[in-house]
Amino acid sequence: MLKLLAQNAAEVHVCGHRGHSIGAPENTIAAFTATREHGGDSAEIDCVLTEDGEIVLMHDQTLDRTTNGTGLVSAKTLADIRTLDAGGWFDERFAGERIPTLAEAIEFAKTYDFGLVVEVKEARQMDRFVRRLGAVLAETDGADQLVMISFDHAFLRDLKEALPSVRTEGITHARHADFVGVAKAARLDSISIEHQMFAPQDGAALHKAGVAVRFHLQRPAYYDRYKALGIDLLAPVSAHIADGVIDTISGDDVAFLAELKAAGVAK
């Protein structure tokens, strides 16, 4: 079984942001498959509730950007969602790709020993979401396959209270003065830190406290622009991997991440 957290991870994991979303439609089984094909072993995904209370994979509250549908996901039943094309907008090669349920994503994960880093994008029906999440995990025996994440650390604290078997990760977009304190206050198992907000001493402190670190990167073009100006923002990354201060690297381009991991392992 894939081990995602600091306490039991044998190696740095490579996580596709919404799957290998630079090469496949985000939050789809095709994006998960592409993640594996490019050297990844997990995917950060997003989920919301349908009108009839099913958890489906979708980043936005609305369907318009990533499907041929329109309107709120919460105004559609699962049967409605099943009819939509979630791939043609990205490339005609993916026409007919469907929006998965969380249960279907877990089924994929269990089949391929694949990790799911599940961001809660549901914003209005939180109690209903937690109840359905508990049911899905019971139905699939899927708790070991995933980590639930959010920007809302208070929600994650309450989620842990409601579903103690669920592992949680708090997303941060700043360098906090006390990351360990942040993790303890919300009973987090992991923290996500943006590349340029990461300091190796913070990673070491989190690991000492038994908290995992997901290290999130931009697409390669972002770093290429800086490198052309003489600034190599990626230079420290292989050292972070070699020194064991991060558990997972994530981003849109899984092949790029896999190369970074290989460079760090080779050190």
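The values are calculated or read from the model by the stated rules, or taken from the named source; none is laboratory data. All values derive from a computational prediction rather than experimental measurement. Glycine also receives a Cβ, built like all others from the backbone with ideal geometry; neighbour counts cover every protein chain displayed.
Across region 164-179, the number of residues qualifying as crowded, with 18+ Cβ neighbours inside 10 Å and hydrophobic (A, V, I, L, M, F, W, C) comes to 3. Criterion first (aliphatic (A, V, I, L, M) and closer than 24 Å to Leu260 by Cβ) does Leu206 satisfy it? Yes, satisfied. Does Thr101 fit the bill of being surrounded by fewer than 19 Cβ atoms within 10 Å (Cβ to Cβ), without any contact (Cβ under 8 Å) to a residue 60 or more places away in the chain and among the β-branched types (Val, Ile, Thr)? Spelling it out, it is not the case that Thr101 is surrounded by fewer than 19 Cβ atoms within 10 Å (Cβ to Cβ), without any contact (Cβ under 8 Å) to a residue 60 or more places away in the chain and among the β-branched types (Val, Ile, Thr).
Scanning region 96-139 for residues being charged (D, E, K, R) and part of a loop (DSSP other than H, G, I, E, B) gives a total of 6.
Can you name every residue in region 217-237 that is of a type outside the set (A, V, I, L, M) and either crowded, with 22+ Cβ neighbours inside 10 Å or more than 20 Å from Glu11 (Cβ to Cβ) (or both)? Those that are of a type outside the set (A, V, I, L, M) and either crowded, with 22+ Cβ neighbours inside 10 Å or more than 20 Å from Glu11 (Cβ to Cβ) (or both): Gln218, Arg219, Pro220, Tyr222, Tyr223, Asp224, Arg225, Tyr226, Lys227, Gly230, Asp232.
Taken across region 206-214, residues that are at pLDDT 95 or above, in contact with a Phe, Trp or Tyr (Cβ under 6 Å, 6 or more places away or on another chain) and more than 12 Å from Val14 (Cβ to Cβ) do occur, with at least one present.
Scanning region 74-82 turns up no residue that is in contact with a helix residue (DSSP H, G or I) (Cβ under 6 Å, 6 or more places away or on another chain) and more than 17 Å from Gly115 (Cβ to Cβ).
If the condition is being under 23 Å from Ile241 (Cβ atoms) and surrounded by fewer than 18 Cβ atoms within 10 Å (Cβ to Cβ), then region 183-197 contributes Glu194, Gln196, Met197. Would you pick out the residues in region 42-62 that are more than 20 Å from the chain's Cα centre (by Cα) and at negative phi? Passing the criteria: Thr50, Glu51, Asp52. Filtering region 238-266 to residues that are crowded, with 22+ Cβ neighbours inside 10 Å, β-branched (Val, Ile, Thr) and farther than 16 Å from His207 by Cα leaves only Val254.
If you go through region 166-210 and pick out every residue that is of a type outside the set (Gly, Ala, Ser), in contact (Cβ under 8 Å) with a residue 60 or more places away in the chain and out of contact with any strand residue (DSSP E or B) (no Cβ under 6 Å at 6 or more places or on another chain), you end up with 1. Give Arg131, Arg124, Arg98 a once-over and let me know the one that is charged (D, E, K, R) and either at pLDDT below 95 or touching a strand residue (DSSP E or B) at 6+ places or on another chain (Cβ under 9 Å) (or both). Only one candidate passes the filter, namely Arg124. I'd like to know if region 73-95 contains one or more residues that are within 25 Å of Arg214 (Cβ to Cβ), outside any loop (DSSP other than H, G, I, E, B) and not basic (Lys, Arg). So far as region 73-95 goes, no, none of its residues is within 25 Å of Arg214 (Cβ to Cβ), outside any loop (DSSP other than H, G, I, E, B) and not basic (Lys, Arg).
If the condition is being more than 21 Å from Val117 (Cα to Cα), out of contact with any helix residue (DSSP H, G or I) (no Cβ under 7 Å at 6 or more places or on another chain) and outside any strand (DSSP E or B), then region 36-72 contributes Asp64, Arg65, Thr67, Asn68, Gly69, Thr70, Gly71.
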